[in-house]
Amino acid sequence: MKIALVAFLTGTVACHQPQAATSAAKEAPPPVAAVAAPVVPSLPPPALAASAAAITIPAGKSLRIRTATALSTKTARTGEAFSAVLAAPLIVDGVTVARQGATIQGVVTNSHPGGRVKGVASISVRATRLELANGRSVDLVTNSFVQLAPHTKKKDALKIGVGSGVGAAIGAIAGGGSGAAIGAGVGAGGGTGAVLATRGDPALIPAESLLTLTLRRAITVTP
């Protein structure tokens, strides 16, 4: 009887085990489908800093420049280019638009040797281009700086006087008092002729000269 009971129980357990497994399989949650990670779009590179606001250099602004070479009516001709540097920084509204030492380009607007009888030599220059603090260059229009040659009236009078004295001395040797008077007149005439035949001193702007120019037209730049 015990054997029969054990056999019955064993069979019962065996019959229920598959059902339990099936039930457990039914109750187990379905496998979670793998979810792909969301694709995050790559961000664009940081925007470049906005360029500095444009600055207007007003008409009437002064530029202090230093010439690189000498400019003379003896050698420089009208329309000839010359170079200089900015002698002081150009500052507008607290912003340095051009640094000290920046390159300046200019032009000789007039080179006049002066007349033989009257009028002294003169040379005029102005700036035409400026190197900015950002390395770029900008065209500009300034007034002209005018340099006049020194007057030579004293030199001319001395030439005439010397000529007169030499003539008088020669005349005195040749013919006494009347000869001296005649010789003085001749000598004076010769001295005057020498003055009329030669021009006065040239107008000169030495190298390393400091010139102040004024901007005639406003210009807008980006420093």
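The values are calculated or read from the model by the stated rules, or taken from the named source; none is laboratory data. Note that this is a predicted model, so its numbers are computed, not measured. Every residue, glycine as well, gets a Cβ built from its backbone with ideal geometry; the counts of neighbours run over all protein chains shown. Please note that ligands, DNA and RNA were not included when accessible areas were found on the heavy atoms of the full protein model with its side chains. Shrake-Rupley method; radii C 1.70, N 1.55, O 1.52, S 1.80 Å.
Below are the figures for this structure:
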read-out	value
Answer residue from segment 98-124, given it is at pLDDT below 95 and more than 20 Å from Leu71 (Cβ to Cβ) and is least open to solvent (accessible area, probe 1.4 Å) among those	Gly115
Extreme residue, modelled with the highest pLDDT, among residues of segment 125-155 that are more than 23 Å from the chain's Cα centre (by Cα) and open to solvent by less than 40 Å² (accessible area, probe 1.4 Å)	Ala149
Scan of segment 49-80 for residues that are farther than 29 Å from Pro150 by Cα, open to solvent by 50 Å² or more (accessible area, probe 1.4 Å) and in a strand (DSSP E or B), ordered by number	Thr56
Of the criteria (1) closer than 19 Å to Val125 by Cα; (2) at pLDDT below 95; (3) not β-branched (Val, Ile, Thr), which one Pro30 fails	(1)
Tally of residues being touching a residue at least 24 places away in the same chain (Cβ under 8 Å), under 13 Å from Leu71 (Cβ atoms) and loosely packed, with under 14 Cβ neighbours inside 10 Å across segment 81-97	1
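One line per residue, one yes/no per condition, for (1) closer than 14 Å to Thr214 by Cβ; (2) of a type in the set (Ser, Thr, Tyr); (3) outside any strand (DSSP E or B):
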site	(1), (2), (3)
Thr96	no, yes, no
Gln100	no, no, yes
Val120	no, no, yes
Val125	yes, no, no
